[in-house]
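Below: one structure, written as structure tokens.
The values are calculated or read from the model by the stated rules, or taken from the named source; none is laboratory data. All figures in this text were calculated on a predicted structure; none of them were measured in a lab. Positions of Cβ are generated from backbone atoms using ideal geometry, with glycine treated the same way; all protein chains shown enter the neighbour counts.
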Amino acid sequence: MSSLIMLKSKLHNAIVTGVEPEYEGSLKIDSQLMDSVKLRPYEKILIANLANGNRFETYAIPAERGSGTICLNGATCFLGSVGDRIIIFSFCTVSEEEAAYHRPLILVLDEKNKPTGPLKQL
């Protein structure tokens, strides 16, 4: 049986609020936002930086709930800056049968990293 890698969730238009170059790596994300799109601590994520076109992989680390924190850590600091708008993607593997009804969770954020509306399931 074959499987497909599908979009699991997306935090769209997140604003980078901080950079910590001395940290070992990862992207710190408000834990409330992580919970909203079912993103787990240390889960692999793909980041697309809308300010400069950089795309990179790292893993998610929960930040203080409700803080709006989106913080580039370690080497990722060289791929973006405070104020950059980014998209955070996570993926999952599903069977051919599951792919027929799989729908990703999408949360669009405002300039303070608060949801602009309800969670969407495409």
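Annotations
- Screening Y42 on (1) of a type in the set (S, T, Y); (2) surrounded by 14 or more Cβ atoms within 10 Å (Cβ to Cβ); (3) in contact with a Phe, Trp or Tyr (Cβ under 8 Å, 6 or more places away or on another chain) shows it passes everything except condition (2).
- Some residue of segment 67-85 being in a loop (DSSP other than H, G, I, E, B), in contact with a Lys or Arg (Cβ under 8 Å, 6 or more places away or on another chain) and surrounded by 12 or more Cβ atoms within 10 Å (Cβ to Cβ): yes
- When each of K10, K44 is tested for being farther than 15 Å from R85 by Cβ and of a type in the set (D, E, K, R), the lone residue that passes is K44.
- When residues in segment 104-122 are screened for being part of a loop (DSSP other than H, G, I, E, B) and closer than 16 Å to L39 by Cβ, 3 of them pass.
- In this structure, T93 does not qualify as touching a residue at least 12 places away in the same chain (Cβ under 8 Å) and under 14 Å from the mean Cα position of the chain (by Cα).
- Residue check, T58 touching a helix residue (DSSP H, G or I) at 6+ places or on another chain (Cβ under 7 Å), under 27 Å from I5 (Cβ atoms), modelled with pLDDT of 95 or more and assigned to a strand (DSSP E or B): yes
- Filtered residues of segment 100-113 (kept if surrounded by 13 or more Cβ atoms within 10 Å (Cβ to Cβ) and either among the polar types (S, T, N, Q) or out of contact with any helix residue (DSSP H, G or I) (no Cβ under 7 Å at 6 or more places or on another chain) (or both)): H102, P104, L105, I106, V108, L109, D110, N113
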